[in-house]
Amino acid sequence: MTEKVLRQSRLNRIFHWLFALSVLLLIISGFSTYWTPSVSHSMAAHSMVHRSLGFFATGLFWGWVYYHIVTQSYRDFWFRAREIGDLKGLFAYYFFFRKNLPRYGKYNPGQKLIYTGWVFGFLFQSVTGLLLYTANFGNILPFPITLQQLRFYHYAVALWFLGTAPLHIYLAATEDPAKLQAMLTGWVRKR
Ligand code: HEM
């Protein structure tokens, strides 16, 4: 019988799917808030959904950070500067210059770059989102920045999530079905 190895712990899978759902809904509700006419009922509803999800995802994010620090599993996905050179082999594979993916750890350097970027991107969106929210109550911004500039940066990082999340989903769906299955069941067959 083939031996099975645990690739994704139960908690990691729960975090992943809750996070995936929240980020996808945050993207949809964020852009729909932006694109609906202001001072309309639907804009208020989209904005309320977006805000609530923002608070929920921020709580989830800190739980996720705590989990990865305690279990030290952040080492699996944290991109280090010395790994920049490893991207060469990965891109050679993606652009058909080599047949097989080079051997990496749990995640390849491209995945690590995206996951590490998401940590910073998420923190940024949490802080700027909270500041935009408190500005509704006449709060003065603690930095020399206008509300419009803050909105612009929040929107720009949202665009970056809009670009990278579908890329992650596309690669997860096409690269190795066993790894996708492991995000559901936890297990992969040892090769
Ligand atoms: C339907 C949508 C999604 C699918 C099918 C999916 C699938 C996967 C799969 C299969 C992996 C494991 C890759 C491997 O083992 O090599 C993974 C990892 C990961 N995904 Fe997703 N994903 C989705 C959406 C998202 C979204 C929206 C986010 C957050 C922005 C996200 C964040 C992550 C993170 C941070 C990891 C690393 C997991 C860890 O070890 O903590 N995913 N995803």
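A short reminder: the numbers here are calculations on the coordinates, not readings from a lab. Computed from a prediction, not measured in an experiment: that's the story for all the values here. Methodologically, a virtual Cβ is constructed for each residue, glycine included, from the backbone with ideal geometry; neighbour enumeration extends over all protein chains shown.
For the stretch 126-133, the condition of being farther than 23 Å from Gly89 by Cα, free of Cβ contacts under 8 Å to residues at least 40 places away in the same chain, more than 14 Å from the ligand (Cβ to nearest atom) and among the small types (Gly, Ala, Ser) holds for none of the residues. Quick one: would you say Ala182 is under 15 Å from the mean Cα position of the chain (by Cα), surrounded by 14 or more Cβ atoms within 10 Å (Cβ to Cβ), hydrophobic (A, V, I, L, M, F, W, C) and within 16 Å of the ligand (Cβ to nearest atom)? No: the conditions fail for Ala182.
Among the residues of this structure, Leu159 does not count as one that is in a helix (DSSP H, G or I) and more than 16 Å from the ligand (Cβ to nearest atom). Among the residues of this structure, Gly89 counts as one that is in contact with a Pro (Cβ under 6 Å, 6 or more places away or on another chain), buried (at least 17 other Cβ atoms within 10 Å of the Cβ), in a helix (DSSP H, G or I) and among the small types (Gly, Ala, Ser).
Does the stretch 26-33 include one or more residues that are without any contact (Cβ under 8 Å) to a residue 40 or more places away in the chain and away from the ligand (no atom under 16 Å from the Cβ)? Within the stretch 26-33, one or more residues are without any contact (Cβ under 8 Å) to a residue 40 or more places away in the chain and away from the ligand (no atom under 16 Å from the Cβ).
So which residues in the stretch 162-172 are more than 6 Å from the ligand (Cβ to nearest atom) and among the small types (Gly, Ala, Ser), if there are any at all? Result: Gly163, single match.
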